[in-house]
Amino acid sequence: DEHYLQSKEGLNLPVKHCIKESLGWQMPKEFEPFLQKAHKIFYKNTFGSLELANFIQKSDYEELHFAGLVSHICVFCNIILAFGAKPNARIILHQNLSASFDENLEKSAFDILRAYGIEIV
């Protein structure tokens with residue numbers, strides 16, 4: 001979104017990032033084989049994706065896996081949305097495939113997710 005810095009999210013995280021078609025927005029070339037096999041790809045313009053949550057809610061998935069950046073912001077938000085959409089699904093966060101710029105906030109996010117029954121592996 002070109003107006004990201006004026007959004008509520010942009011005011012709280014004033015760093016231009018993940019702007020469509022920019023270098024930081026593009027997936028690494030190493031992901032290409034996986035992207036070609038993907039059933040669905042979600043493009044989001046905020047921390048959490050209601051499109052993803054709605055897709056999960058309508059799905060028959062019993063197990064959901066998460067990884068990504070930033071652990072305590074986008075990843076956390078989308079896991080909570082997924083939990084609301086599919087409260088009985090097994091939800092797994094792959095810690096070694098996620099990262100944060102703040103260890104304390106990441107630890108707190110992981111503790112909260114564990115309290116919801118999210119598996120951190």
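The values are calculated or read from the model by the stated rules, or taken from the named source; none is laboratory data. Note that this is a predicted model, so its numbers are computed, not measured. As a convention, Cβ positions derive from the backbone with ideal geometry for all residues, glycine included, and neighbour counts pool all protein chains shown.
What the table shows:
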| read-out | value |
| --- | --- |
| Residue in segment 31-39 that is acidic (Asp, Glu) and touching a Ser or Thr at 6+ places or on another chain (Cβ under 9 Å) present | no |
| Flag if HIS65 is touching a strand residue (DSSP E or B) at 6+ places or on another chain (Cβ under 9 Å) and without any contact (Cβ under 8 Å) to a residue 40 or more places away in the chain | yes |
| Residue selected from segment 76-98 under the condition among the polar types (S, T, N, Q) and not in a strand (DSSP E or B), by the criterion surrounded by the most Cβ atoms within 10 Å (Cβ to Cβ) | ASN78 |
| Residue check, PHE55 surrounded by 11 or more Cβ atoms within 10 Å (Cβ to Cβ), part of a strand (DSSP E or B) and modelled with pLDDT of 85 or more | no |
| Number of the exception - ILE73 against (1) outside any loop (DSSP other than H, G, I, E, B); (2) without any contact (Cβ under 8 Å) to a residue 40 or more places away in the chain | (2) |
| Of the criteria (1) at pLDDT 95 or above; (2) more than 29 Å from GLN6 (Cβ to Cβ); (3) over 11 Å from the mean Cα position of the chain (by Cα), which one PHE31 fails | (1) |
| All positions within segment 1-15 that are among the charged types (D, E, K, R) and modelled with pLDDT under 70 | ASP1, GLU2 |
